[in-house]
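Presented below is the structure to which this report refers.
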Amino acid sequence: MTVSATPHKAMTGMPSDLVHVYVWEWPVRITHWFIAISIWVLSVTGIYMGYPLLVASGAASDNFLMGWAKLIHFYAAIVFSLSVISRAIWGFVGNRYANWDKFVPVRKKRYKGIIPTLRFYLFNLRLPPGFLGHNPLAGITYLAVYVFFVIQILTGLAMYGASAAYDSPFRMFAGLLPLIGGLQTAHYVHHVVMWCLWMFLVHHVYSAIAMSQIEGTGTMESIFSGWKFVPKEDLIYSGYRFKDHEEK
């Protein structure tokens, strides 16, 4: 399969029939934004908890600034954890674009598309290979990101369990600390992984905008609406089945 296919007609100014394709289902879109927003909230509150730059004047009993930071961090962590779990479950019950095999390249077409996609990101190909959902390289990257998510959840639970009330069910997660290397190591790993996620988020936004501009298929808009507008010849190239609106 040749991936340096004929350029999109939409890019060359030639007329093209656009096909309306529903790619991202609402659970995918909702969990995406819940995860993104909760990461931002968790980062801000987490940095403040580690480096409290704002100090309230007066007696501690009259102020709850650090308490609010911890409370917001705790509830944002719940939203984050439930969103990650929900998205993982949807990888087994959602449509083919949300399926787990878009993250693990078990299909021949997927793993053969890794190198061409990497060549595109390295500016060695002018156009990316035709994948309607996540391309293979993005899928592998998201799999690594979800491993980071799991690390954040486990280290967060371990740290919270260490300071939880004696009768709290969260107390049992303190048993993870010896496996991680202790409380200090858990803090360190939690902090480092946070910055790794932010580096990914910067690249994620850049690549999403770049793909949206190059492909011209409404990539950025699709995370809000779920729909992409794809030239018919690109769908034929990607193995799209017009009969039932699914990708082979």
Subset of region 20-75 that is surrounded by 13 or more Cβ atoms within 10 Å (Cβ to Cβ) and of a type in the set (Gly, Ala, Ser) - its residue that is nearest to residue 223 (Cα to Cα): 36
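Could you tell me whether any residue of region 86-100 is without any contact (Cβ under 8 Å) to a residue 12 or more places away in the chain, within 27 Å of residue 18 (Cβ to Cβ) and of a type in the set (S, T, N, Q)? If you could, list the steps in order and put the result at the bottom.
Residues of region 86-100 without any contact (Cβ under 8 Å) to a residue 12 or more places away in the chain: 89, 92-93, 99-100.
Right, trim to within 27 Å of residue 18 (Cβ to Cβ) and you get 99.
Checking which are of a type in the set (S, T, N, Q) leaves us with 99.
Yes, the conditions are met somewhere in region 86-100.
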Could you please let me know if residue 45 is of a type in the set (S, T, N, Q) and either at pLDDT 90 or above or assigned to a loop (DSSP other than H, G, I, E, B) (or both)? yes
(1) within 24 Å of residue 96 (Cα to Cα); (2) at pLDDT 85 or above; (3) touching a Lys or Arg at 6+ places or on another chain (Cβ under 6 Å): which one isn't true of residue 225, the others all being true? (3)
Which of (1) farther than 19 Å from residue 42 by Cβ; (2) aliphatic (A, V, I, L, M); (3) touching a Ser or Thr at 6+ places or on another chain (Cβ under 6 Å) is the odd one out, the single condition residue 174 does not satisfy? (3)
Among the residues of region 15-65, the number that are closer than 17 Å to residue 195 by Cβ and among the polar types (S, T, N, Q) is 3
Give the residues of region 166-221 that are closer than 21 Å to residue 49 by Cα, among the small types (Gly, Ala, Ser) and surrounded by 16 or more Cβ atoms within 10 Å (Cβ to Cβ), sorted by residue number. 174, 186
Can you find even one residue in region 118-134 that is over 14 Å from residue 207 (Cβ atoms), touching a residue at least 24 places away in the same chain (Cβ under 8 Å) and touching a strand residue (DSSP E or B) at 6+ places or on another chain (Cβ under 8 Å)? yes
Meets criteria (in contact (Cβ under 8 Å) with a residue 24 or more places away in the chain, in a helix (DSSP H, G or I), closer than 26 Å to residue 222 by Cα and not charged (D, E, K, R)) for residue 141: yes
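Residue-wise test of (1) modelled with pLDDT of 75 or more; (2) at positive phi; (3) over 15 Å from the mean Cα position of the chain (by Cα).
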| residue | (1), (2), (3) |
| --- | --- |
| 183 | yes, no, yes |
| 193 | yes, no, no |
| 196 | yes, no, no |
| 214 | yes, no, yes |
| 229 | yes, no, yes |
| 243 | no, no, yes |
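Name the residue that is farthest from residue 22 (Cα to Cα), counting only residues in region 184-229 that are of a type in the set (D, E, K, R) and in contact (Cβ under 8 Å) with a residue 12 or more places away in the chain.
Pass one, region 184-229, residues of a type in the set (D, E, K, R): 215, 221, 228.
The next check asks that each one be in contact (Cβ under 8 Å) with a residue 12 or more places away in the chain; those that pass are 215, 228.
On the way: 215: 16, 228: 6 Å.
For region 184-229, the residue satisfying everything is 215.
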Can you find, within region 51-76, the residue that is modelled with the lowest pLDDT among those that are in contact with a helix residue (DSSP H, G or I) (Cβ under 7 Å, 6 or more places away or on another chain) and part of a loop (DSSP other than H, G, I, E, B)? 56
For residue 69, are the conditions met, namely being touching a Gly at 6+ places or on another chain (Cβ under 9 Å) and aliphatic (A, V, I, L, M)? yes
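Would you pick out the residues in region 26-49 that are in contact with a helix residue (DSSP H, G or I) (Cβ under 7 Å, 6 or more places away or on another chain) and under 20 Å from residue 183 (Cα atoms)? It would help to see each step written out before you state the result.
Residues of region 26-49 that are in contact with a helix residue (DSSP H, G or I) (Cβ under 7 Å, 6 or more places away or on another chain), as a first pass: 27-29, 31-32, 34-35, 38-39, 41-43, 45-46, 48-49.
Once the filter is applied, which keeps residues that are in contact with a helix residue (DSSP H, G or I) (Cβ under 7 Å, 6 or more places away or on another chain) and under 20 Å from residue 183 (Cα atoms), region 26-49 yields 42, 43, 45, 46, 48, 49.
Which residue is surrounded by the fewest Cβ atoms within 10 Å (Cβ to Cβ), if the candidates are limited to region 120-165 and must be farther than 23 Å from residue 109 by Cβ and aromatic (Phe, Trp, Tyr)? Let's see the steps before the verdict.
So the first thing to find is which residues in region 120-165 are farther than 23 Å from residue 109 by Cβ, and the list is 123, 147-165.
Checking which are aromatic (Phe, Trp, Tyr) leaves us with 123, 148-149, 160.
On the way: 123: 7, 148: 15, 149: 22, 160: 18.
That would be 123.
The values are calculated or read from the model by the stated rules, or taken from the named source; none is laboratory data. These numbers come from a predicted model, not from an experiment. Using ideal geometry, Cβ is built from the backbone for each residue, glycine included, and neighbour counts are taken over all protein chains shown.
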